[in-house]
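J.: Sending over a structure as structure tokens; questions will come in a sec.
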Amino acid sequence: MNLPLPPLSRGTRAMAAVTLLAPALLACGGAPSGPDPAGGSPAEDPGGDDHGAVEGARELDEPALGLTTVDPGGRVRHLDLLSEDTTDLARLPGTGAASTVHTDGRFLYVQGREGLQILDSGVWTWDHVDHFHYYRAEPREVGAVPGGSTSTVATTTSSTSGGAGVFFTDSGEAAMLDVASLADGETAERYRLETEPHDGMLVPVGDHALLTRAGAGPGSERSTADRVVVLDAGGEPVPGAEHACRRASGTIATRVGTVVGCADGALLATVTDGEVEVVRIPVPQGGRARGAAPATSFAGRDGRPTVAGLAGPRGRDGVWLLDTREQAWRLLDVSVPLTQVTAVDDEDEHVLGLTPDGRVVVIDGTDGRLLARTRPLAARSMASGTGTPTLVVDQQRAYLSAPAERRVHEIDFADGGRISRTFPTATVPALLAGTGR
């Protein structure tokens, strides 16, 4: 059923970048050729035979994988996983400046009391569909996006083109940032909308976007979303493109398309010939899945189709796996409580989880069997609340931050959960993000 939409207040503004830490990195002209990794149509290759080379950036033979940490005071540091060198990227303003961090593999979106701060890690991977290109440039601060003290950020699988959606929960303002401008050192907004304050999202899908709308029907909760609206490139609702999504929560971009979680499953949005197609993937209703809590957040390895989410608090009902290629859910019965979960989506279908006592567990994604577990790596952090330990995965390794212990651990999950390296940190790694991916 299509519900009438209240008018959206729109504005477009371009904000000057803050003082840069390094010389400007010029934006590349567009996305790589071939099908869009987020399900879009083919795009032009701006560089022709040079595969979209970027002025001011150096192409590498392998990805420049790194970890970026933010301490409670807003100090941002970057660890190069190849050289093991650590460098300071920025110092965000204010005490207790950083509460959340989101990354698309290149840009870091750090939420603070004074708004959203954006930094360029200077390392990224260009997904050319059938192969990859890796780049390094100078890291730097990009700028700030005002709007509130809490936000949800949604990005695509491209860190060189398209948009990045920011929704400020307390104000209801939503801004679509231009990613090419971020690479140029500016925080330019394609548009800004005013909606009802709620736990919402503005999710880029190609040149379009999905915008949540707060509950409006009898008995609905105005603090949560109950439907999703498709917006065109200018931020205007597409007529007739509205989809029910009760208690919309959690979004992630996969190799196939963009996911938005709902109380009864998920919406999957893709782009074909410039048009957005949204399909509903309902959770199974029979067998053990009956009555299982829905996933409210998703995590997985960058560029893969399968993502994971907890079914209920501490995985009370198990772990959900959502295969966006097959458009199917799988509920795993896991024998230990979990506070986080993420899908590696490798040939062995590994799933990783974090237990309440700070252990990393390796789970068989086919049947939920526990394959390995580490010793308690972040027990003090889990008990003290000194930052939230964060689990990040790539194809071969997992990384766990332990804020109270001032450590970041590298874990070989395919080798019985072996701790391959441990990195002491000079400050409390309250937030962790993986870059260069």
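J.: Which one of the conditions (1) modelled with pLDDT under 95; (2) on the phi < 0 side of the Ramachandran plot; (3) of a type in the set (Gly, Ala, Ser) does Gly291 fail to meet, given that it meets all the rest?
T.: (2)
J.: May I pose another question? Within segment 97-106, is there a residue that is crowded, with 20+ Cβ neighbours inside 10 Å and more than 26 Å from Ala398 (Cβ to Cβ)?
T.: Within segment 97-106 (the criterion being crowded, with 20+ Cβ neighbours inside 10 Å and more than 26 Å from Ala398 (Cβ to Cβ)), the answer is yes, since at least one residue qualifies.
J.: Looking for whichever is of a type in the set (S, T, N, Q) and farther than 29 Å from Val110 by Cα here; the options are Thr366, Thr425. Which one fits?
T.: Sole residue among the options that is of a type in the set (S, T, N, Q) and farther than 29 Å from Val110 by Cα: Thr366.
J.: Within segment 338-348, track down each residue that is surrounded by fewer than 18 Cβ atoms within 10 Å (Cβ to Cβ) and either β-branched (Val, Ile, Thr) or closer than 13 Å to Arg369 by Cα (or both).
T.: Answer for segment 338-348, where residues must be surrounded by fewer than 18 Cβ atoms within 10 Å (Cβ to Cβ) and either β-branched (Val, Ile, Thr) or closer than 13 Å to Arg369 by Cα (or both): just Asp348.
J.: Separate question: Going residue by residue through segment 409-424, is there one that turns out to be within 29 Å of Arg136 (Cβ to Cβ), touching a residue at least 60 places away in the same chain (Cβ under 8 Å), buried (at least 19 other Cβ atoms within 10 Å of the Cβ) and touching a Phe, Trp or Tyr at 6+ places or on another chain (Cβ under 9 Å)?
T.: no
J.: Could you name every one of the strands (runs of 3 or more DSSP E) located completely within segment 333-437 that has at least 1 residues being hydroxyl-bearing (Ser, Thr, Tyr) and within 27 Å of Asp120 (Cβ to Cβ)?
T.: Strands (runs of 3 or more DSSP E) meeting the threshold: 340-343, 398-402, 431-435.
J.: What residue, of Thr87, Thr125, is polar (S, T, N, Q), touching a residue at least 12 places away in the same chain (Cβ under 8 Å), under 23 Å from Arg406 (Cα atoms) and in a strand (DSSP E or B)?
T.: One residue alone meets the criteria, Thr87.
J.: Right, next: Out of the residues in segment 231-253 that are out of contact with any strand residue (DSSP E or B) (no Cβ under 7 Å at 6 or more places or on another chain) and either more than 22 Å from Gln327 (Cβ to Cβ) or part of a loop (DSSP other than H, G, I, E, B) (or both), which is modelled with the lowest pLDDT?
T.: Step by step, filter segment 231-253, then rank; the result is Gly240.
J.: Considering only segment 164-206, how many residues are in a strand (DSSP E or B) and over 20 Å from Cys245 (Cβ atoms)?
T.: So the count comes out to 12.
J.: Moving on. Looking at (1) of a type outside the set (Gly, Ala, Ser); (2) touching a Pro at 6+ places or on another chain (Cβ under 8 Å); (3) farther than 20 Å from Asp232 by Cα, can you tell me which one Val145 breaks?
T.: (2)
To keep it simple, each residue is scored yes or no on (1) within 20 Å of Thr390 (Cβ to Cβ); (2) free of Cβ contacts under 8 Å to residues at least 60 places away in the same chain; (3) of a type in the set (D, E, K, R).
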site: Arg290; (1), (2), (3): no, yes, yes
site: Arg301; (1), (2), (3): yes, no, yes
site: Ala328; (1), (2), (3): no, yes, no
site: Val334; (1), (2), (3): yes, yes, no
site: Pro337; (1), (2), (3): yes, yes, no
site: Thr342; (1), (2), (3): yes, yes, no
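J.: Tell me yes or no: at least one residue of segment 300-317 is in contact with a helix residue (DSSP H, G or I) (Cβ under 8 Å, 6 or more places away or on another chain), buried (at least 16 other Cβ atoms within 10 Å of the Cβ) and assigned to a loop (DSSP other than H, G, I, E, B).
T.: no
J.: Out of Val276, Val256, Val228, which single residue is crowded, with 17+ Cβ neighbours inside 10 Å and not in a strand (DSSP E or B)?
T.: One residue alone meets the criteria, Val256.
J.: If you don't mind, there's one more thing I want to ask. Is there a residue in segment 203-214 that is more than 24 Å from Asp273 (Cβ to Cβ), among the acidic types (Asp, Glu) and out of contact with any His (no Cβ under 6 Å at 6 or more places or on another chain)?
T.: no
The values are calculated or read from the model by the stated rules, or taken from the named source; none is laboratory data. Nothing here was measured: the structure is a model prediction, and the numbers come from that model. Heads up, the Cβs are rebuilt from the backbone with ideal geometry, glycines too, and the neighbour counts pull from every protein chain shown.
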